[in-house]
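S.K.: This is the structure I want to talk about, given as structure tokens.
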Amino acid sequence: MTQVNLSTADSAGDVGSRDAREFRHFINGAFVGSASGKRFDNRNPVDSSLIGYVHEGGRAEVDAAVAAARAALEGPWGRMPVTQRVELLYKVADEINRRFDDFLAAEVADTGKPVSLASHIDIPRGAANFKVFADIIKNVPTETFPFATPDGGEALNYAVRSPRGVIGVVCPWNLPLLLMTWKVGPALACGNTVVVKPSEETPATATLLGEVMNAVGIPKGVYNVVHGLGPDSAGAFLTSHRDVNAITFTGETRTGEAIMAAAAKGLRPVSFELGGKNAGIVFADADFDAAVDGIARAAFANCGQVCLGTERVYVQRPIFEKFVAALKAKAESLKPGLPQDKDTGIGPLISQEHRSKVLSYYDKARQEGATVVTGGGVPQMPDALKEGSWVQPTIWTGLPETASVVREEIFGPCCHIAPFDTEDEVIRLANDTPYGLCTTIWTQDLSRAHRMATRIEVGLCWINSWFLRDLRTPFGGSKQSGIGREGGVHSLEFYTELRNVCIKYS
Ligand code: NAD
């Protein structure tokens, strides 16, 4: 990413994201440039064309955003009754939907993902995240315990939920609006204020959300955005800021370790959704066509850039060859192309940098002796798209479990398929990883499904499905795939603190 150092600071006026060439911070209800004048390029992964410049936040912008968030907490937002807060969050969702096409265009330009995908998942879920958590906070009860006191009197305990305060929100690029609002929705519903550090790759929808917040009357300072990079930039400055009360992060496990170290200063709580190396398991008794469809989506959707995706597939031996052939046909049917084209089946990777990483794994697989069933390189693209971050959907077989493409998260449209014989064997293989995010298991044997679900070390277990999400359910990873659970009432455990009130009366 090219660093551009402007000689003078950009005008820190109320210029929003409508000026598509500039992505400014959103601090205290206004769009402002960086005091340092530092900016970096934002490029469209479809063809590497320049979308605009992103202002790189430093300590000054993080300090200003955290101060604005603190003031809003102590001001109108902190005093607002929950019913009013909830009504405002409904309006946020409605306004995202009213500006659906703007959000869609922004997300598609930043990520290159097919419109068919972003219009069904990213943007609708971005809006829904505000409504769902508004409903939850309105309806969730707390506990009460009346009890007899030793002196013969009575007392009543009741719990109240208080917001934690200023929440630092650090987000990845793969589902930018969806994953950011998955945190901002519950944080605001619970009465917190937020400072968001979007991924440097995808600044657009977080910026656009600032316009939405102003349009519906969310008080200034409640929602703030500081753009920038991670280490020694806005991400690190935000997570080490001592006036940030809690940090919620989605991204790589290694980044999580750095953020956890930063959060240790001041003992700030963290909620982490991290990397994975998820196993997909197909038994011989599975509905074959449904299993092929499900595993194809898990391996290739969003060009393989889904934390819940499947890069290790285990197929029971009697159907192994048939399954490999069917998945190969699926992979080869995914046509790379422009996001707007109806027959585009797969978009590009997020950036040239990420493409180099994915292609380095494609090389490693060959060096480690893989049979390349399909793909393994870069597709032929028309001249206009040649500079995009395209890779072929790729399937390997024949590797040992120790191979790096079987052990390490690649985050690309690829998977290794291995045969297995018994339930015990496949459980051992699936669990042999430091990660524990999710699994997708395909079988028609209900008893086996239950047995497997209890023995697989993951936070999310799908049976005969994948990525089927009910937002009221707990979401998160085991082992090195995360800390804590978000979703439904579980989000309240992180975004609020329970306070017990004990009243003695006679
Ligand atoms: P990343 O960790 O590189 O970056 C995520 C965010 O952290 C970015 O905003 C980045 O600027 C910031 N960051 C980087 N270093 C930092 C530091 N030292 N201090 C503070 N902030 C820092 O992740 P990514 O490449 O954007 O996303 C892909 C990863 O995210 C994959 O590992 C994927 O599995 C994971 N992911 C997990 C989930 C989940 O729910 N478990 C969901 C989506 C993505």
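S.K.: Binning every alpha carbon pair distance of region 209-365 at 10 Å from zero, what are the percents per bin?
M.R.: P(r) for region 209-365, in whole percents per bin: 9, 25, 26, 23, 14, 3, 0.
S.K.: Once each part is reduced to its C-alpha centroid, what is the distance from region 421-447 to region 64-114 in angstrom?
M.R.: Cα centroid of region 421-447 versus Cα centroid of region 64-114: 39 Å apart.
S.K.: For the chain, with the dipole built from +1 on Lys and Arg beta-carbon atoms and -1 on Asp and Glu ones, taken about the Cα centre, which of G375, A279, G256 lies farthest toward the positive end?
M.R.: The residue sitting most towards the positive pole is G256.
S.K.: Let me check against my output: what whole-number percent is the relative contact order of the chain, with C-alpha pairs under 8 Å and at least 6 apart?
M.R.: Worked out over the chain, it gives 17 percent.
S.K.: May I pose another question? Could you check how much of the accessible area of the chain is carbon and sulfur, as a whole percent, using a 1.4 Å probe?
M.R.: 53
S.K.: Right, next: Give me the net charge of V378's neighbourhood, meaning all other residues with Cβ under 10 Å from the Cβ of V378; Lys, Arg count +1, Asp, Glu -1. Intermediate values should be presented prior to the final figure.
M.R.: On the way: positive: R355, K386; negative: none.
Local charge sum for V378: +2.
S.K.: Moving to a separate point now. Taking only protein heavy atoms and a 1.4 Å probe, what accessible area per residue, in Å², does region 278-470 have with all protein chains in place?
M.R.: Heavy-atom accessible area per residue stands at 41 Å².
S.K.: Here's something else I'd like to know. Can you list the HN-Hα couplings for region 39-51, worked out from phi with the Karplus curve (6.51, -1.76, 1.60; θ = phi - 60°), rounded to whole Hz and with x for Gly and Pro?
M.R.: Taking θ as phi minus 60°, the curve returns 9, 9, 6, 10, 10, 7, x, 5, 9, 6, 6, 7, 8 Hz for region 39-51.
S.K.: If you count only protein heavy atoms and use a 1.4 Å probe, how large is the accessible surface of D102, to the nearest 10 Å²?
M.R.: Its accessible surface works out to 70 Å², give or take rounding.
S.K.: Choose one of A105, A148, P413: the residue whose Cα lies farthest towards the positive end of the charge dipole of the chain (beta-carbon charges +1 Lys, Arg; -1 Asp, Glu; about the Cα centre).
M.R.: A148
S.K.: Show which aspartates and glutamates lie in cross-link reach of K277 when reach means a straight Cα distance below 15 angstrom and same-chain residues fewer than eight apart are skipped.
M.R.: E252, E311, E401, E408, E409, D432, E457
S.K.: Report the full-extension gain for the segment E332 to V140: residue separation times 0.36 nm, less the Cα-Cα distance, to one decimal in nm. All intermediate terms of the calculation are to be shown ahead of the outcome.
M.R.: Details: separation 192, 0.36 × 192 = 69.12 nm, distance 4.76 nm.
So the chain would gain 64.4 nm between E332 and V140.
S.K.: Using unit Cβ charges (K, R positive; D, E negative) and no other charged atoms, how large, in debye to the nearest 20, is the dipole of the chain about its Cα centre?
M.R.: Working: 51 positive and 58 negative charges, 147 e Å.
Dipole of the chain, to the nearest 20 debye: 700 debye.
S.K.: K330: which aspartates and glutamates have alpha carbons under 15 Å from its alpha carbon, excluding same-chain residues fewer than 8 sequence positions away?
M.R.: Those aspartates and glutamates meeting the cut-off are D289, D293, E321, D343.
S.K.: With only Lys, Arg, Asp and Glu charged, each at its Cβ (+1 for the first two, -1 for the last two), find how big the charge dipole of region 278-470 is about the Cα centre; round to the nearest 20 debye.
M.R.: Dipole about the Cα centre, nearest 20: 200 debye.
S.K.: Under 19 Å from a label point 7 Å along Cα→Cβ of Y505: give me every residue in region 132-157 with its amide N that close.
M.R.: Counting backbone N atoms under 19 Å from the label point, the list is 142-157.
S.K.: Heavy atoms only, 1.4 Å probe, whole protein assembly: order L399, L338, L117 by accessible area, highest first.
M.R.: L338, L117, L399
S.K.: Another question about this same structure. Using just the C-alpha positions of region 278-470 as equal point scatterers, what log10 of I(q)/I(0) does the Debye formula give at each q in 0.15, 0.16 1/Å?
M.R.: -0.85, -0.96
S.K.: Relative to the Cα centre, what is the charge dipole magnitude of region 197-342, using +1 at the beta carbon of each Lys and Arg, -1 at the beta carbon of each Asp and Glu, and rounding to the nearest 20 debye?
M.R.: So the dipole magnitude of region 197-342 works out to roughly 200 debye.
S.K.: Give a residue-ordered list of calculated ³J(HN,Hα) values for region 353-368 (Karplus: 6.51 cos²θ - 1.76 cosθ + 1.60, θ = phi - 60°; whole Hz; x for Gly, Pro).
M.R.: Coupling constants for region 353-368: 4, 5, 4, 4, 5, 5, 5, 5, 6, 4, 5, 4, 4, 5, 4, 7 Hz.
S.K.: Further question on the same structure: Full extension from D243 to S162: what is 0.36 nm times the residue separation minus their Cα-Cα distance, to one decimal in nm?
M.R.: Values: separation 81, 0.36 × 81 = 29.16 nm, distance 1.71 nm.
Length gained between D243 and S162: 27.5 nm.
S.K.: I want to check the label-to-label distance for A449 and K342. Put each point 7 Å from Cα in the C-beta direction and report it in nm to one decimal.
M.R.: The answer from the label model is 3.5 nm.
S.K.: Return the loop-located trypsin sites (Lys or Arg not before Pro) in region 318-416 (DSSP other than H, G, I, E, B) with at most 14 other Cβ atoms within 10 Å of their own Cβ; answer none if there are none.
M.R.: K342, K386
S.K.: Rounded to whole Å and ordered largest first, report the semi-axes of the equivalent ellipsoid of the chain derived from its Cα gyration tensor (root of 5λ).
M.R.: Numbers: eigenvalues 300, 194, 72 Å².
Semi-axes, largest first: 39, 31, 19 Å.
S.K.: If you plug each phi of region 147-161 into the Karplus form 6.51 cos²θ - 1.76 cosθ + 1.60 with θ = phi - 60°, what whole-Hz ³J(HN,Hα) values come out, in order, with x for Gly and Pro?
M.R.: Each residue of region 147-161 in turn: 8, 7, 8, x, 8, x, x, 9, 9, 10, 9, 9, 9, 10, 9 Hz.
S.K.: Kindly flag which residue pairs out of K131/K357; K38/K265; K131/K335; K138/K479; K197/K328 have an alpha-carbon separation exceeding 31 Å in this structure.
M.R.: K131/K357; K131/K335; K138/K479; K197/K328
S.K.: Using DSSP loop states and a limit of at most 13 other Cβ atoms within 10 Å to flag GluC sites (Glu not before Pro), what is the longest stretch of the chain containing no flagged site?
M.R.: Between the exposed loop sites, the longest stretch runs 144-400.
S.K.: Counting Lys and Arg as +1 and Asp and Glu as -1, what is the net charge of the other residues whose Cβ lies under 11 Å from the Cβ of T496? Walk me through the numbers on the way to the answer.
M.R.: Values: positive: R161, R164, R499; negative: E493, E497.
Net of charged neighbours comes to +1.
The values are calculated or read from the model by the stated rules, or taken from the named source; none is laboratory data. Small disclaimer: the values here were computed from a predicted structure and weren't measured. So basically every Cβ, Gly included, is an ideal-geometry build from the backbone, and we count neighbours across all protein chains shown. What goes into the accessible areas is simple: the full protein's heavy atoms, side chains included, and nothing from ligands, DNA or RNA. Shrake-Rupley method; radii C 1.70, N 1.55, O 1.52, S 1.80 Å.
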